[in-house]
Amino acid sequence: MKIATWNVNSLKVRLPHVLDWLALNQPDVLCLQETKLQDENFPIAEIAEAGYQTLYSGQKTYNGVALLSRQSGNELITAIPGLEDPQKRVLGAIYNDVRVICIYVPNGEHVTSEKYQYKLKWLAALKDWVRDMLSEHRKLVLLGDFNIAPEECDVHDAKLWEGQVLFSLPEREAFRDVLNLGLTDSFRLFEQPEKSYTWWDYRMMAFRRNMGLRIDHILLSNDLAKTCTACVIDKGTRRLERPSDHAPVMVELAACGLEEPYPENRFPSSPANCQVTSEQVSGFAGNAESASTENYSEGS
DNA sequence: ATGGCTTAACAATTAAGA
């Protein structure tokens, strides 16, 4: 089973990319964020032609989440129970026996803004809800745009981002609290390329300079983590014409059986952080590649 | 000097993203 997440930053603009990506990658479930579509405008027919069913929860202009899937989903959820929130940021469904929860966490704007408080409140409500969900579902996937880079190695320049929204300690602690409920950051189950990110600013030639953050995540319950055989970021989409500023992330779960042996490249006891990787790269700080990226300037 | 782009709304600017 392949499950993926992608913040498309307008499904209207990105529909061709999404259709191409589905055909190429054949996920069983693709979770989308920032569809920016009202439900009556959702492109059901085009996606059906590609062989995918659709569930969606959208609004005008902002936010909006969707689930594209081969099989139909059950037990739809469109909000965090008990959280007063008019913004469409949550969509859950069960596929086979896997509880999938697609989320678009508030951005937060700035640590001094009211939106940041909304973000923290939203994350606290998420934690309470996921705790309940985990008690009901042994196989649970929580994935989407978390708008949080959990560890230093998830940020191109940790000094620059220290204390800033997306990397501030309170939100990283909130992320950690969710993990501590019994979830695993699937990306860190495997050896990964250094400086792996899922988002790059449209400005400042950030993608070309790999000035990115890893803020899109796929978290797995213990039972599912044991079946996970891969987690990859597809940077290729960021090189397309009119790209989303986010790249898709996808996990592969073994078809069945919790007794599958770990794949060989996996770190079975690795915590959901990047200590191994950051030690590996510590000797390369300020290397030639990063030095060459310092030359960006329009002069004057 | 701390921006630079992209999107949606709406019709020249504003809000928002991250």
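Couple of notes before you dig in:
- Taken together, A:68, A:91 contain a single residue that is within 30 Å of residue A:128 (Cβ to Cβ), in contact with a Leu (Cβ under 6 Å, 6 or more places away or on another chain) and touching a residue at least 60 places away in the same chain (Cβ under 8 Å), which is A:91.
- Qualifying residue in segment A:112-124 (condition: in contact (Cβ under 8 Å) with a residue 24 or more places away in the chain, hydrophobic (A, V, I, L, M, F, W, C) and touching a strand residue (DSSP E or B) at 6+ places or on another chain (Cβ under 8 Å)): no
- Any hit, segment A:203-212, residues being within 16 Å of DNA strand B (Cβ to nearest atom) and within 15 Å of residue A:7 (Cβ to Cβ): yes
- Listed conditions (1) under 18 Å from residue A:158 (Cβ atoms); (2) acidic (Asp, Glu); (3) modelled with pLDDT under 95 are all met by residue A:194, apart from (3).
- Filtering segment A:5-20 for residues that are over 22 Å from residue A:236 (Cα atoms), polar (S, T, N, Q) and assigned to a strand (DSSP E or B) leaves an empty set.
- Failed item in (1) basic (Lys, Arg); (2) more than 14 Å from DNA strand B (Cβ to nearest atom); (3) closer than 24 Å to residue A:15 by Cβ, with residue A:226 passing the rest: (3)
- Residue in segment A:140-150 that is assigned to a loop (DSSP other than H, G, I, E, B), without any contact (Cβ under 8 Å) to a residue 40 or more places away in the chain, among the polar types (S, T, N, Q) and closer than 26 Å to residue A:28 by Cβ present: no
- Number of positions in segment A:152-180 that are within 25 Å of residue A:132 (Cβ to Cβ) and either of a type in the set (D, E, K, R) or in contact with a Ser or Thr (Cβ under 9 Å, 6 or more places away or on another chain) (or both): 5
Conditions tested, residue by residue: (1) free of Cβ contacts under 8 Å to residues at least 60 places away in the same chain; (2) away from DNA strand B (no atom under 14 Å from the Cβ); (3) over 15 Å from the mean Cα position of the chain (by Cα).
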residue	(1), (2), (3)
A:32	no, no, no
A:36	yes, no, yes
A:42	yes, no, yes
A:49	yes, yes, yes
A:84	yes, yes, yes
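- Test: residue in segment A:93-104 that is buried (at least 23 other Cβ atoms within 10 Å of the Cβ) and assigned to a loop (DSSP other than H, G, I, E, B): no
The values are calculated or read from the model by the stated rules, or taken from the named source; none is laboratory data. These numbers were taken from a predicted model, which means no experiment stands behind them. Here the Cβ is made from the backbone with ideal geometry for all residues, glycine too, and neighbour counts use every protein chain on show.
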